[in-house]
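J.: I'd like to ask you about the structure that follows.
The values are calculated or read from the model by the stated rules, or taken from the named source; none is laboratory data. None of the values given here were measured: they were computed from a predicted structure. Heads up, the Cβs are rebuilt from the backbone with ideal geometry, glycines too, and the neighbour counts pull from every protein chain shown. In case anyone asks, the SASA skips ligands and DNA or RNA and just uses the protein heavy atoms, side chains included. Shrake-Rupley method; radii C 1.70, N 1.55, O 1.52, S 1.80 Å.
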Amino acid sequence: MPPVRSLLAPPSSALARRLGMIVLTVFTLVAAAGCSPFARALKEGDDFSTQQKWAEAEAAYLRALDAEPRDAEATAKLLKLRQQWSGVVLEEAKAKHTGGDLAGATPMLVRALQLDPENGDARALLAQTLDARVAAAQKALQEERLQDARAEFDAVLAVDEGHAAARKGVTAVQVAFARRWFNTAQRLEEEGKLGNALLAYVRANQEKVGATPALERAEVVRRKLQDEVAFLVVTGPAEDKAEAPDVAQRLSPGRLSALLPQEVPIRVITTEAPKDHEGVRLGLSVERVMPVKSVEQAQKSQRYMVTNKAVPNPRRLQTESALLEQERKLEDVERKLSGVLRDYLRKQDELAQAREVASRCRSRERQACSTALAECVRAFGQSKPGEVPKECSPSRCNPQCEQEEGALSQRASAGQELERRLESAQENAEAQRREVQRGRDAYYREPLTVDEPVYADYPYDVELHRLSITASVTERLMALSKDAAASSPHSEDYAAMHEDAANKAYDKVGVLADPVQLRTEAELRVEAGDKAMAAIAMRVMEHFDVYRQRRVEDARRGMVRPSAEDVVETAVRALLLTADQPPQDILQPLAKARGLTNPEAIFGR
């Protein structure tokens, strides 16, 4: 027990210093709490709010709420700030509204309601402003200022998409635009500018579908333009010199018209064409139709099975090779396991020696520390109050076995690693033993021999029947502007062929009877005529492509000013000639110049 005088003595200077440090730490923490990010953001918001810097104050309060999302004080201050800001914006909006600037007052009123949805004055003034803008738009509509009216109606709907008067106004503007474009199209049609009229009718229909009969008039104008630029093919019934009416019938004008594309204006007529019209004259004649039938003798062979014979089982050899490979692998795995086991046992011996050395060192260390502690107790009892004797120095109990402990820890870690390696090697060896056993089972289950079929080839006679029809057709194809007598005829043979093989039945080897199943001569004659007409239609299309390419090049040269009326006339005619594949470098600029949302409507799609 310490002496009584030590308990009644005043605290030492070291204890006083320690108490002072504790008090200083407490005051530091309190001061740091006042300088937290939340407190700084809240103070900045108050300062900006006093200076009426609304945006900066809102940003500061939002930062404070990010730091403390559930803080009631920051939430209340942000709400009050937005209410004050909403009032300021409302006053500015009232000033603009009084000055007649309805377009400038509208976004301010919307902003005021965004800041304070409960601001009834802003809501009432916004409704009044929107009604006033609708009235101004209706007045502009009556004065035929359609663009201004549409802009006002769209601005009102952008704020209040359910405004009934604005919706009706937009519909009225669309109808007015449609009627204006329809009247323009009628005027252009009367002036003979059919291409411009077609685009105006299409635009009128796109402005408001059904408001005017623009769709029907566009179809009428489109047909007039197609008749104007149509490529005429003047032809008649084919001359039948071979006395083959079934073939000549396949060369009729109706068949030619069906094979030509329907999207482009190509007209097949049997009457005389108008003067100076683009097109070709086509004359056809069937020179001869020659059937050829032939029979050829040939041979085929049928492979059949004669018998079975015993041969060494190839799968047994495969399983034997696989078994030998697995056994060699097992030897390698067991060799590795033996090496790992030797290393593990050697490391366990080293670990035991290190553990014994560390244990002896700990005993010496405990004994030395116990001796030092006893000496310290004796010296402390003999020392003066407040004096620490030198026998109580902590250095006398310092650890002295760090080297031995480090060696023990290192050997223990190495032993654990070798133990994991040993377990892994044992698992690999066990898995490999199972694989070897499976290989042995598979090897002994395979039989020594298997039956293999023996095949032979049996030749048999086959008759190859072939029927072909060759139709010789002569055509005269020339431009309408040229003299028909100057055209050179073009003759070509068109063949249709079918063949089939026939043979008897040979039950011994499993060959079934196959009778002749040739197509009839009438079917082949029709096919030859269809081939001839398809080739003629392709040559007609070649002439048409030359004609419309010339028109397209003329239209491309004018695309530097696509809104000009003469350019539009040329471009629309070129587009009608290329309705199957319209060139986009003409279609898109033309549609943009006339404000068409769907350029394909030019073709009636």
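J.: E228: accessible area at probe 1.4 Å, nearest 10 Å²?
T.: Here the accessible area works out near 90 Å².
J.: Using a 1.4 angstrom probe on the protein heavy atoms only, line up L157, L259 by accessible area, largest first.
T.: My answer, sorted largest first, is L259, L157.
J.: Over the chain, calculate the relative contact order: mean separation of alpha carbon pairs under 8 Å at least 6 apart, over the residue count, as a percent.
T.: Averaging sequence separation for qualifying contacts and normalising by length gives 14 percent for the chain.
J.: Probe radius 1.4 Å, ligands and nucleic acids left out: which of K390, K224 has the largest accessible area, and how do the rest follow?
T.: Sorted by accessible area, descending: K390, K224.
J.: So, one more: Take M497, M541, M533 and sort them by solvent-accessible surface of the protein heavy atoms, 1.4 Å probe, largest at the top. Let's see the in-between values first.
T.: Numbers: M497 105, M541 35, M533 0 Å².
I get M497, M541, M533, largest accessible area first.
J.: Now a separate question. Choose one of Y444, A93, A185: the residue whose Cα lies farthest towards the positive end of the charge dipole of the chain (beta-carbon charges +1 Lys, Arg; -1 Asp, Glu; about the Cα centre).
T.: Value computed over the given set: A93.
J.: Mean separation of Cα pairs under 8 Å and 6+ residues apart, divided by the residue count of the range 386-532: what relative contact order is that in percent?
T.: 19
J.: Another question about this same structure. Cα centroid distance between the range 75-99 and the range 408-439, in Å?
T.: 79
J.: Given the protein chains as shown and a 1.4 Å probe, how many square angstrom of H277 are accessible, to the nearest 10?
T.: H277 exposes around 40 Å² with every protein chain in place.
J.: For the pairs K241/K275; K241/K293; K53/K96; K168/K592; K224/K275, flag any whose C-alpha to C-alpha distance is greater than 24 Å.
T.: Distance filter (> 24 Å) returns K241/K275; K168/K592.
J.: Given the options M305, M290, Q326, identify the residue whose Cα lies farthest towards the positive end of the charge dipole of the range 286-335 (+1 on Cβ of Lys, Arg; -1 on Cβ of Asp, Glu).
T.: After comparing all options, I get M290.
J.: Can you tell me the orientation of helix 194-207 relative to the chain, as the angle in degrees between its alpha-carbon axis and the longest Cα principal axis, to the nearest 10?
T.: 40
J.: Find out how many positive minus negative residues lie around R82, taking Lys and Arg as positive, Asp and Glu as negative, among other residues whose Cβ is under 12 Å from that of R82. Show your work: numbers first, answer last.
T.: Working: positive: K77, K80, R111; negative: E58, D116, E118.
So the environment of R82 carries a net charge of 0.
J.: Tell me the per residue accessible area of the range 299-457 using a 1.4 Å probe; a whole number in Å² is fine.
T.: Accessible surface, normalised per residue, equals 75 Å².
J.: Under a Cβ-Cβ cut-off of 15 Å, what is the net charge of the residues other than N119 that fall near it, where Lys and Arg count +1 and Asp and Glu count -1?
T.: Residues close to N119 contribute a combined charge of 0.
J.: Report, in whole Å, the centroid distance computed from the Cα atoms of the range 240-310 and the range 155-216.
T.: 51
J.: Let me ask something else. Compute the helix-to-body angle for 521-557: its Cα long axis versus the longest principal axis of the chain, expressed 0 to 90° and rounded to tens.
T.: Value to nearest ten degrees: 70.
J.: Can you give the charge dipole size of the chain about its Cα centre, rounded to the nearest 20 debye, using +1 on the beta carbon of Lys and Arg and -1 on the beta carbon of Asp and Glu?
T.: Numbers: 87 positive and 93 negative charges, 517 e Å.
For this selection, approximately 2480 debye.
J.: Let me ask something additional. For the chain, with all protein chains present and a 1.4 Å probe, just round the carbon and sulfur fraction of the accessible area to a whole percent.
T.: C and S fraction of accessible area: 52 percent.
J.: With a/c under 1.5 counting as rounded, go ahead and sort the range 212-304 into rounded, prolate or oblate using the C-alpha gyration tensor (a ≥ b ≥ c being the square roots of the eigenvalues; past the cut-off, prolate if a/b is larger than b/c, else oblate).
T.: Oblate shape, in that a/c is at least 1.5 and b/c is the bigger or equal ratio.
J.: Also: Once you sort the root eigenvalues of the Cα gyration tensor of the range 461-605 as a ≥ b ≥ c, which label holds: rounded (a/c under 1.5), prolate (a/b larger than b/c) or oblate (the other case)?
T.: Oblate.
J.: Next up: For L467, tell me the accessible area in Å² from a 1.4 Å probe, rounded to the nearest 10.
T.: The value for L467 is about 20 Å².
J.: Could I ask something else about it? Please tell me the relative contact order of the range 470-584 in percent, rounded to the nearest whole number, where contacts are Cα pairs under 8 Å and at least six residues apart.
T.: Rounded, it is 17 percent for the range 470-584.
J.: To test your reading of the geometry: what angle, between 0 and 90 degrees and rounded to tens, separates the Cα axis of helix 72-98 from the longest principal axis of the chain?
T.: 40
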